[in-house]
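Report on the following structure.
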Amino acid sequence: MKNLLLSLLPPSDLKQLESHLKPARFEQHHVLFEADEQIRHVYFPTGAVISLVVTLSTGETIEAAMVGHDGVVGASAALDGKISLSRGIVQLSGEMIVCNLEALRSVALENPRLLALLVRHEQTVYAQAQQSAACFATHQVVARLSRWLLRARDLSGSDTLPFTQEYLAEMLGVRRTSVTVVAHTLQAAGLIKYARGKIQILDKDGLEDSACECYGTVKAQYEKLLGGSAR
Ligand SMILES: [Zn+2]
């Protein structure tokens, strides 16, 4: 299994779920669910990267958490959360294993290991959201963009990321002009190369030096809770 959570399940547990798991491909910007909407499926990304974003009445959005092959999207609904608290949007195209919500719930209720895993994963999403709040309030845009690109790189396994400046501004909750300035700064330092709608990471270690502590903090929290995460 190319999804960390599914790979952590013992074969006997996985067998119970198997008939309810279906692989499917999702394209960038596809909305999986809106905030306040009832969630009907649970998604285990194997290649796709998902953003959980909060939308304000003014139309602005900001990302609270990023989930990829080290996680699951919509599991809180399977744990009886019923509705989503954020919008789930495909940030990078790729495959996910889609699971029927009721099936996951009934298997999880009979299976303490699966239940514990899903609860621990929800904690990692919560940890990301609270880190994002602290990050937004305290850290410079250049550090936040570096952090964000590193996480996207870890989850996609690629140094080339197809993001427009508008999209980055939306995810970081800043003006597009701020993204232009910091992208230019990172490019001048030789850390990234920015061409129309595409970012190439040239120096991962340098980008880590430029990122705020939040990148390492979230990574450590995943490791603590799930025992190993990003590639
Ligand atoms: Zn930060």
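Per 0.36 nm of contour for each residue apart, how much would the distance between ALA189 and ALA137 grow if the chain were fully extended, relative to their Cα-Cα spacing?
In short, 16.2 nm is gained.
Tell me the accessible surface of SER7 in square angstrom (1.4 angstrom probe, heavy atoms of protein chains only), to the nearest ten.
Probe radius 1.4 Å; accessible area of SER7 about 60 Å².
Amide H of ALA65: which non-local residues (sequence gap of 5 or more, or other chain) have their own amide H closer than 5 Å, using H built in the peptide plane?
Correct list: LEU52.
For GLN38 and LYS204, compute 0.36 nm times the residue count separating them, minus their Cα-Cα distance, and round to one decimal in nm.
55.9 nm
Please compute one quarter of the surface area of the Cα convex hull for the chain and express it in square nanometres.
Approximately 11.6 nm², given one-decimal rounding.
Rounded to the nearest whole Å³, what is the per residue volume of the convex hull around the Cα atoms of region 41-140?
107 Å³
Using alpha-carbon pairs under 8 Å, 6+ residues apart, how would you state the relative contact order of the chain in percent?
Relative contact order, the chain: 21 percent.
Treat each spin label as a single point 7 Å out from the Cα along the C-beta direction, and report the LEU85 to THR55 distance in nm.
1.9 nm
I'd like to compare 89-98, 76-85, 52-61: which one has the highest average count of other Cβ atoms within 10 Å, and what's the full order after that?
Sorting 89-98, 76-85, 52-61 by mean packing, highest first, produces 89-98, 76-85, 52-61.
List the lysines whose Cα lies under 28 Å from the Cα of LYS2, skipping any in the same chain that are fewer than 8 positions away.
Those lysines meeting the cut-off are LYS15, LYS22, LYS82, LYS198, LYS204, LYS219, LYS224.
So, with a 1.4 angstrom probe, what is the percent of accessible area on the chain that is carbon and sulfur?
Answer for the chain: carbon and sulfur cover 53 percent of the accessible area.
Would you kindly derive the ³J(HN,Hα) couplings of region 78-95 from the backbone phi angles with the Karplus curve 6.51 cos²θ - 1.76 cosθ + 1.60 (θ = phi - 60°), listing them in order in whole Hz, with x for Gly and Pro?
Result, ordered by residue: 5, 8, 5, x, 6, 10, 7, 9, 9, 8, x, 10, 6, 8, 9, 4, x, 8 Hz.
Under the Karplus relation 6.51 cos²θ - 1.76 cosθ + 1.60, θ = phi - 60°, what is the ordered set of whole-Hz ³J(HN,Hα) values for region 185-197, x standing for Gly and Pro?
4, 5, 5, 5, 7, x, 8, 9, 10, 10, 10, 2, x
For region 146-163 and region 33-94, what is the separation of their C-alpha centers, rounded to whole Å?
So the two Cα centres are separated by 18 Å.
Skip the ligands, DNA and RNA, and give the accessible area per residue of region 1-52 with a 1.4 Å probe, whole Å².
Accessible area per residue, region 1-52: 54 Å².
When only C-alpha pairs under 8 Å and at least 6 residues apart count, what is the relative contact order of region 134-189, in percent?
37 percent
Would you calculate, for the chain, the mean residue ellipticity at 222 nm contributed by helices, counting each DSSP H stretch of 4 or more residues as -39,500 (n - 2.57) and dividing by all residues, to the nearest 500?
Using -39500 (n - 2.57) per qualifying helix, the result is -14000 deg cm²/dmol.
Can you tell me the relative contact order of region 90-227? Whole percent, Cα pairs under 8 Å, sequence separation 6 or more.
Result for region 90-227 is 30 percent.
The values are calculated or read from the model by the stated rules, or taken from the named source; none is laboratory data. This is a predicted model, so every value here is computed, not measured. So basically every Cβ, Gly included, is an ideal-geometry build from the backbone, and we count neighbours across all protein chains shown. Ligands, DNA and RNA are excluded from the accessible area calculation, which covers all protein heavy atoms including side chains. Shrake-Rupley method; radii C 1.70, N 1.55, O 1.52, S 1.80 Å.
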